[in-house]
Amino acid sequence: MRSLNKNLVLAIASMGIFVEALDIAIVNLALPKIEADLGLSNDSGYKIQSIYILIYGSFLILGGKLSDYLGRKTIFMAGCAIFLFTSLGAGLTHTLNYLVLFRALQGLGAALLMPAAFSIVNYYFTEPHERGRAMGIFGSFAATGAAGGVSVGGIIANYWGWSWVFLINVPILLLILVIAYIYLEKDVTTDRQLPDIPAAIALVLGMLCLSKITEGSHLIISVLLLSVSSYYLYYRLKTQAYPLLDIRVLLLSSLRKGTLLFFLLGALFTGYLFLMSFLVQQNFGFSAAGSGLLMMPFNIISILLGRFGLPALSKKLSAKTIAMSGAIAMLAGTLSLVLAVQLHSLAFLLAGGACIAGIGMTLCYTGYTVIAMEHVPAENLGIAASLINTAYFVGGGIGLPLISVFMSPASKQLDTRPLWLLFIVACFTVARLFFRGKPNVPVN
């Protein structure tokens, strides 16, 4: 069955991850127009963005487990369908409560779609160089979606209206669903047990409490609930015959290393997307559409690097070398943004964006993924993909509140303090890549 057109399979999975990644960032530059249209305060508008990331990260592990249990095609199509209908709902609604609800359900759809897409690519592409090339293309779609969402969101909101930042997903997802239904091979029936639902609930509750802690709200209750849910989750993982998460998979040093790298990447890149919107519009005075056009070259760099550069690099360089190159680009980019603010230099701003969104994210996403998934058994690919991407969103969820602490609410322009925090994260990443991990423990 694996003899079918692999390029078509890769295109299906890549377009799915592109839409998922796009929706993480596309709302950023559109938020001012949404707030003005719906008469919202900044606090209310923030819910529209944060709820998507929160639900997405909270349900990723369960999505990966369902992908392993029910089949990658089934869960991929279910995620696409949920995302399609909730995108339609978000684009047609005109009240905050319904918009927040549809964004939350979009996050649920993404939590199903993403690990299934990862599993599809890793299942069909098994030879190391072949997988490296496939993950390069796959990663470039994810990176382009994440980076391009900022610029595309501003342009669409300015000329078409903010509803279209959601409605644009509908025709793309409809096409993906049709092609996936026709061309992806049918899932093989499995005798595996249903995922441990009580453990999944404990995991989701723990993730929600962790987000509340980082926001600084209901601190005592959140810490208490996080402690209880974490203990109960550990108890279920140790005692159940078919646990939600095979603890032995966590013994793989490559997966642990990849998970930490994705945590740092989430903190850095999510922080970059958040701060870049302030820098371009407040410090340099660009409109939403102008900001989008200004950042468009970063997407072009990412596309060209993913399409032409990474397939060639993956044949000559190891995943660690590619990852290190991306981490150094991130480090240079964060320093360039600091200089952009200090010197009020548009050139340093553009250089920083190119290094982070154009080069660094594409190389890091690909390199970290190959490092993390290198020794994961085929039956655990979905859950492993969920682990590393959960780490990415946990990093973003913790990073954003920390960044906000260093932002001056009284000033109309951004200073360098939150940018130095991104620089420190980039330094930790480079340092971690220099350390060799312990030998992997086989998972039987």
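The values are calculated or read from the model by the stated rules, or taken from the named source; none is laboratory data. This structure is a prediction, so every number in the text was calculated from the model and none was measured. Glycine gets a Cβ as well: all are built from the backbone with ideal geometry, and neighbour counts include every protein chain shown.
Y98 falls short on exactly one of the conditions (1) aromatic (F, W, Y); (2) over 30 Å from L233 (Cα atoms); (3) under 18 Å from the mean Cα position of the chain (by Cα), and that condition is (3). Would you pick out the residues in segment 74-104 that are in contact with a Ser or Thr (Cβ under 6 Å, 6 or more places away or on another chain) and buried (at least 20 other Cβ atoms within 10 Å of the Cβ)? Those that are in contact with a Ser or Thr (Cβ under 6 Å, 6 or more places away or on another chain) and buried (at least 20 other Cβ atoms within 10 Å of the Cβ): I75, L99, F102. Scanning segment 177-198 for residues that are closer than 17 Å to A111 by Cα and either loosely packed, with under 13 Cβ neighbours inside 10 Å or at pLDDT 85 or above (or both) yields L177, I197. So for segment 212-223 (the condition being outside the structural domain of A323 (by TED's automatic domain parsing), touching a His at 6+ places or on another chain (Cβ under 9 Å) and without any contact (Cβ under 8 Å) to a residue 40 or more places away in the chain), does at least one residue qualify? Yes - at least one qualifying residue is present in segment 212-223. With respect to (1) modelled with pLDDT of 95 or more; (2) farther than 13 Å from G367 by Cα, the lone exception for I328 is condition (2). Applying the condition of being in a loop (DSSP other than H, G, I, E, B) and of a type outside the set (F, W, Y) to segment 234-268 and asking which residue is nearest to L387 (Cα to Cα) yields L245. Selection over segment 302-312 of residues that are crowded, with 20+ Cβ neighbours inside 10 Å and among the aliphatic types (A, V, I, L, M) gives a count of 2. The set of residues from segment 313-327 being surrounded by fewer than 19 Cβ atoms within 10 Å (Cβ to Cβ) and not hydroxyl-bearing (S, T, Y) comprises K315, K316, L317, K320.
Beta carbons closer than 9 Å, at least 6 apart along the sequence or on distinct chains, pair a first residue in segment 183-211 that is closer than 17 Å to Q240 by Cβ with a second that is modelled with pLDDT under 80 and acidic (D, E) for R192/D68; R192/E379; P195/D68. Restricting segment 57-75 to residues that are among the small types (G, A, S) and assigned to a helix (DSSP H, G or I) leaves a set whose member that is farthest from A110 (Cα to Cα) is S67.
The set of residues in segment 136-153 being more than 15 Å from the chain's Cα centre (by Cα) and modelled with pLDDT of 75 or more consists of I137, V152, G153.
Annotation note: Cβ proximity below 7 Å between a residue of segment 157-168 that is in contact (Cβ under 8 Å) with a residue 12 or more places away in the chain and a residue that is of a type in the set (S, T, Y) and buried (at least 19 other Cβ atoms within 10 Å of the Cβ) (sequence gap 6+ or interchain) occurs for F166/S87; L167/S87.
Yes or no: segment 72-79 includes at least one residue that is of a type in the set (S, T, N, Q) and farther than 17 Å from I55 by Cβ. Taking every residue of segment 72-79 in turn, at least one turns out to be of a type in the set (S, T, N, Q) and farther than 17 Å from I55 by Cβ. Of all the numbered requirements in (1) in contact with a Ser or Thr (Cβ under 7 Å, 6 or more places away or on another chain); (2) in the same structural domain as E374 (by TED's automatic domain parsing), L208 misses one, and that requirement is (2). Scanning segment 28-77 for residues that are over 24 Å from Y392 (Cβ atoms) and modelled with pLDDT under 80 yields P32, K33, E35, A36, G39, L40, S41, N42, D43, S44.
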